[in-house]
Amino acid sequence: MDAAPHSLTGKDIEFLERPLYGFLSVADGPTPPQPRPVWFEVTTEGTIQLFTDPDSVKVARLRSDPRASIVVAAPVGERERWVSIAGHTTISTDGAHELLSRLAARYWDLDDESRADELAKMLAEKWLLITIEPESVSRFSI
């Protein structure tokens, strides 16, 4: 395992551009983290973005303590590999729907009518954009 203190490497970005699930954890004082699987996108600036329901528990927790981490691992059957990113977050309404559309196309087959309908319903709802600014990055690969 090696670590880069603040930034993602080219190999990290290549790995994170795949349609893999990230496991997001947010800080909550003495309460142990409760990781949740999420869709995510790595940006050209090297941040991590995801969308979420404005009423989600993670939003309330991030508003009181903006620290979060995400771990992304290779699927079973591939060589062992993971990247972990921790940092402070920002929450915004700008860009959430656009991110949702990009991620749906990445994770779903939108030629499937049921998925396209589900996306249309999701786009009619309110979403927030969460951005994680990496402060520490760890990785492992064989």
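The values are calculated or read from the model by the stated rules, or taken from the named source; none is laboratory data. Model, not experiment: these values are computed from the prediction. Every residue, glycine among them, receives a Cβ derived from its backbone with ideal geometry; neighbour counts consider all protein chains shown. Each accessible area value is taken on the protein alone, full model and side chains, heavy atoms only, with ligands, DNA and RNA left out. Shrake-Rupley method; radii C 1.70, N 1.55, O 1.52, S 1.80 Å.
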Handout entry: Candidate aspartates and glutamates - alpha carbon under 12 Å from residue 58, same-chain residues fewer than 8 apart omitted
Key = 28
Practice task
Assuming a ≥ b ≥ c are the square roots of the Cα gyration tensor eigenvalues, decide whether region 50-123 counts as rounded (a/c under 1.5), prolate (otherwise, with a/b larger than b/c) or oblate.
Solution key: oblate
Completion exercise
Given trypsin sites (Lys or Arg not before Pro), DSSP loops and at most 10 other Cβ atoms within 10 Å, the longest exposed-site-free stretch of the chain is 1-78
Completion exercise
Quick calc, the chain, dipole around Cα centre from Cβ unit charges on Lys, Arg (+) and Asp, Glu (-), nearest 20 debye, gives 420
Practice task
Return the single residue from 95, 87, 29 with maximal mean-square fluctuation; model: Gaussian network over the chain, springs between Cα atoms under 10 Å.
Solution key: 29
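Stick to the Cα atoms of region 1-133, pair each with every other, and give me the Kirkwood hydrodynamic radius in Å at one decimal.
Working: mean 1/r = 0.0639 Å⁻¹.
This gives a value of 15.7 Å.
Taking all protein chains in place and a 1.4 Å probe, what share, in percent, of the accessible surface of region 71-137 do carbon and sulfur account for? Could the numbers behind the result be given before it?
Numbers: 1970 of 3860 Å².
C and S atoms contribute 51 percent here.
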Problem - Average accessible surface area per residue within region 10-106, 1.4 Å rolling probe, Å² - result: 54
Completion exercise
Checked region 92-142 with the C-alpha gyration tensor, a ≥ b ≥ c its square-rooted eigenvalues, rounded below a/c of 1.5, otherwise prolate if a/b is larger than b/c and oblate if not; verdict oblate
Practice task
Calculate for the chain the 222 nm mean residue ellipticity that helices alone would give, adding -39,500 (n - 2.57) per DSSP H run of length 4 or more and normalising by residue count, nearest 500 deg cm²/dmol.
Solution key: -7500 deg cm²/dmol
Problem - GNM flexibility winner over the chain from 116, 27, 124 (Cα, springs under 10 Å) - result: 124
Exercise for the section: Among 46, 34, 20, pick out the residue whose Cα is farthest towards the positive end of the charge dipole of region 1-124, where Lys and Arg carry +1 and Asp and Glu carry -1 on C-beta, about the Cα centre. Expected result: 34
Problem - GNM result for the chain, Cα springs below 10 Å: residue of 130, 91, 13 fluctuating most strongly - result: 13
